[in-house]
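*Asks:* Take this structure, written in structure tokens, and hold onto it; I'll ask about it next.
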Amino acid sequence: MKLRSLLRKIAAQHRLYVMMLPMLAAVTIFSYIPLSGWVMAFTDYRIGGSLFGGEFIGLRQFKFFFTQANDAFYVLRNTLVINLCSLAINLTSACAFAILLNEVRTNWLRRIVQSVSFFPFFVSWVITYTIFNTFLSMQTGVLNVVLKDLGLLETGINFLGDPKYSWPVIIFVGFWKSIGYNSVIFLAAISGIEQEQYEAASIDGATHMQKIRYITIPALAPTLSVLLIMNSGWVFNSNFEEFNLFSNSVNWQKMEVLDVYVYRYGLKMLDYSYATAVGIIKTVASLIMFFTVNVIAKRVNGRSLV
Amino acid sequence: MAQSGKNAKPGKAGKILHRKYYHDRSSCLSDYLLKLVVGIVMLFVSVITLYPFLYILFYSLSTSGRVGAGLLLHPRGFTLESYRILFTNTTNISHAMLISIARSSLGPLVSLTVNSMGAFALSRKRLIGRKIFMIYVLMTMYFSSGIIPHYILMQRLHLAGTFWVYIFPAMFSTFNMILIKTYMEGIPEELEESALMDGANDYIIFFRILLPLCMPVLAAVMLFDCVHQWNAYSDTMIYNSMRTNLHTLQYVLMTFIDTTTQSLQEAESKGEAQALFNPVTARMALTVIVTVPILCVYPALQKYFASGILIGSIKG
């Protein structure tokens, strides 16, 4: 009887299920079904053959990643160094930028600076690359030409090729693209601070510096730490479109990250089995990170993020 | 006087007093320093985020022979020649533009339909099995099958090499669905209850009641999707690089970077830097063309961010 009433209830809301259908189909087809491709990592899959037809080879491909030259070392190092540095630098600089922007008392000026700094967030990576290529390339890059004209340089610096400059350049690219976007979050947090605190401080004779030091910064600290913790779950993930453009045959030792490595081995060198194995390593490492981050966030924040 | 200020409730008197103190105190040294730092930082950030775009615009409007490297503060020898050449000489700019426009209008329409219907169902508390469906959908945020299994799937579904590879894989986004769902949950349930009482079914509730009320979030999501579709290039690179008739503007621009750097190096090595057709000005013109649509919708994008519709979901 109970089952029957349940079925009747379900039938009564069948329209909701119909509306959910496209979403469930999309999730199943594009997220769950490709997981079956993971068997490729454990078999010697041949391109064009059946997914389950290859011979079982166990964990050989996984071992390859860690033993083959020092691939695992440099790829993981690049991924983690670039992502962690970017995370720390982007968020703290956006926080500082928001605080300073809030000190601009002329409304129109503040709005202009905000609009201008937010714009790079919306342009594509191809355009971003075009811009950096225009300004940083060795012979014709604007920055190099200006430095040479000023007599500060003999020959142009190969910013986009020389591995020495890879990390600073890519971290700056991330900063350039996200400063406006990240500062919006902090500006929202600043506008949430009670105005009475500032008024009371003024009456007590606080200078602007003191107000920032003792009111604004302490009020923003929780936002900053939550964002830092939350985003550190993503340290194994890089933006493929970004790194695919900025990696080249000269700087790969310092620039190549996991996502580009998987792409290069899989779709350029056509080693599907190996690329899938490295992809699995990435996903598993990410899952562990998310789990850890969630535990930490619960401790710090008293609430779960997932 | 300070005493009276402290007691004053937030009103006119308090504000005037606040402003007076504000002026008095800003005269101390540390505040001058602060003003200086603020000025420098604002100038620096504005210049590095604005000047590159201006430079590219000026470059594209310059006569190719007269513009060398170095700073540009205005076009040298104003001309629209680069744009003319781009549309007449080079092979497929107009067609690529059509493809770009097609994917950034059709894509958001499809994904908006899928996402909003899903969000509606999942935001109804009476839905049986709601929690299971939520977990099933949200789980996908935390894992990805990786690029190779996805590539093989696209091959098997015969989406690779067609226009639809731009549309179908992007038809659902967990992020956008949650955005719409959160918004729908903020709409009072009484509206729905009274409609149910009047005998309306779920389709009617969705189309006639919820959708009109969700216009702000739908517009925001739609716009965001448009920008995403317009900006993407990696799907073209991976699935459609052999199909020139499916190339998008972004992809054409990307291939332009490669070829112009090559031809520039060749020209330099042959000592023919002053070639008749300067590929760099053409590249700059194309960059401007690809950027302009984003610039057009930019005020709206900024408005949605400022109103917190898109930020809210990031915070929680």
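*Asks:* Determine by what factor the alpha-carbon radius of gyration of the protein assembly as shown differs from 2.2 N^0.38 Å, reporting the quotient.
*Replies:* Against the empirical 2.2 N^0.38 Å value, I get 1.08 for the protein assembly as shown.
*Asks:* Output the DSSP H helices from chain A with an along-axis C-alpha extent of no less than 24 Å and a mean Kyte-Doolittle hydropathy no less than -1.0.
*Replies:* Span-like helices, by this rule, are A:71-103, A:163-191, A:272-301.
*Asks:* If you split all Cα-Cα distances of region A:60-301 into 10 Å bins from zero, what percentages do you get per bin, shortest first?
*Replies:* The calculated distribution, bin by bin, is 7, 24, 28, 23, 13, 5, 1, 0.
*Asks:* Quick query: amide H of A:Thr43 versus all other amide H atoms, modeled in the peptide plane; which residues come in under 5 Å with a sequence gap of 5 or more or a different chain?
*Replies:* A:Ile57
*Asks:* ³J(HN,Hα) across region B:103-118 via Karplus (A = 6.51, B = -1.76, C = 1.60, θ = phi - 60°), whole Hz, x for Gly/Pro?
*Replies:* 6, 7, 9, 6, x, x, 4, 4, 5, 5, 4, 4, 5, 6, 5, x
*Asks:* Set the bar at 32 Å for Cα to Cα. Now go through B:Lys131/B:Lys303; A:Lys177/B:Lys181; A:Lys63/B:Lys181; A:Lys177/B:Lys35; A:Lys177/A:Lys211; A:Lys268/B:Lys181 and name every pair that lies beyond it.
*Replies:* B:Lys131/B:Lys303; A:Lys63/B:Lys181; A:Lys268/B:Lys181
*Asks:* Taking a ≥ b ≥ c as the square roots of the Cα gyration tensor eigenvalues, with a/c under 1.5 meaning rounded and otherwise prolate when a/b beats b/c, else oblate, which class fits region A:184-306?
*Replies:* Cα axes put region A:184-306 in the prolate bin.
*Asks:* Between A:Lys268 and A:Ala285, what is the spin-label point distance in nm, taking each point 7 Å from the Cα along the Cα→C-beta axis?
*Replies:* 1.9 nm
*Asks:* What are the ³J(HN,Hα) couplings of region B:77-86, residue after residue, when phi is run through the Karplus curve with 6.51, -1.76, 1.60 and θ = phi - 60°? Round to Hz, x for glycine and proline.
*Replies:* Rounded to whole hertz, the list is x, 4, 7, 9, 3, 4, 5, 5, 4, 4.
*Asks:* Give me the inter-chain shielding for B:288-295: mean count of other chain Cβ atoms within 10 Å, whole number please.
*Replies:* Averaged over the peptide's residues, the number is 3.
*Asks:* Specify which residue in the list A:Met269, B:Phe206, B:Ser30 is farthest towards the positive end of the charge dipole of the protein assembly as shown, using unit charges on the beta carbon of Lys, Arg (+1) and Asp, Glu (-1), about the Cα centre.
*Replies:* The Cα lying farthest towards the positive end belongs to B:Phe206.
*Asks:* Sticking with the crude label model, points 7 Å out along Cα→Cβ, report the distance from A:Tyr214 to B:Gln155 in nm, one decimal please.
*Replies:* Here the answer is 6.8 nm between the modelled labels.
*Asks:* Provide the FRET efficiency to the nearest 0.05 for the A:Ile89-B:Asn201 pair, computing r from the beta carbons and using R0 = 45 Å.
*Replies:* 0.25
*Asks:* Also: If one computes the Cα centroid of region A:182-261 and of region B:202-262, what distance in Å separates the two points?
*Replies:* Using only Cα atoms to place each centre, the spacing works out to 28 Å.
*Asks:* Can you give the accessible area buried between chains B and A, summed over both chains, with a 1.4 Å probe, in Å² to the nearest 100?
*Replies:* What B and A bury together is about 9000 Å².
*Asks:* Over the whole of B:47-59, what's the average partner chain Cβ count within 10 Å per residue? Rounded to a whole number, please.
*Replies:* The mean count of partner-chain Cβ atoms within 10 Å per residue comes to 5.
*Asks:* With the dipole of chain A worked out from charges on the C-beta (+1 for Lys and Arg, -1 for Asp and Glu) around the Cα centre, which of A:Ser124, A:Met230, A:Phe291 lies farthest toward the positive end?
*Replies:* Comparing the listed Cα positions along the dipole, A:Phe291 ranks first.
*Asks:* If you don't mind, there's one more thing I want to ask. B:Tyr142 to B:Asn245: extension gain in nm, 0.36 nm per residue of separation minus the Cα-Cα distance?
*Replies:* So the extension gain works out to 33.6 nm.
*Asks:* Once label points are set 7 Å from the Cα along Cα→Cβ at both B:Thr79 and B:Lys131, what is their separation, rounded to one decimal in nm?
*Replies:* A separation of 7.1 nm, rounded to one decimal place.
*Asks:* Shifting gears a bit: Quick one: length gained pulling B:Asp258 to B:Leu54 fully straight, 0.36 nm per residue minus the C-alpha distance?
*Replies:* 71.2 nm
*Asks:* Once you average over the residues of B:35-43, how many Cβ atoms of partner chains fall within 10 Å of each Cβ?
*Replies:* Counting other chains' Cβ atoms within 10 Å and averaging over B:35-43 gives 5.
The values are calculated or read from the model by the stated rules, or taken from the named source; none is laboratory data. The structure presented is a predicted model; accordingly, all values stated were derived computationally and were not measured. So basically every Cβ, Gly included, is an ideal-geometry build from the backbone, and we count neighbours across all protein chains shown. When the accessible area is computed, the model is the full protein with side chains, heavy atoms only, and any ligands, DNA or RNA have been set aside. Shrake-Rupley method; radii C 1.70, N 1.55, O 1.52, S 1.80 Å.
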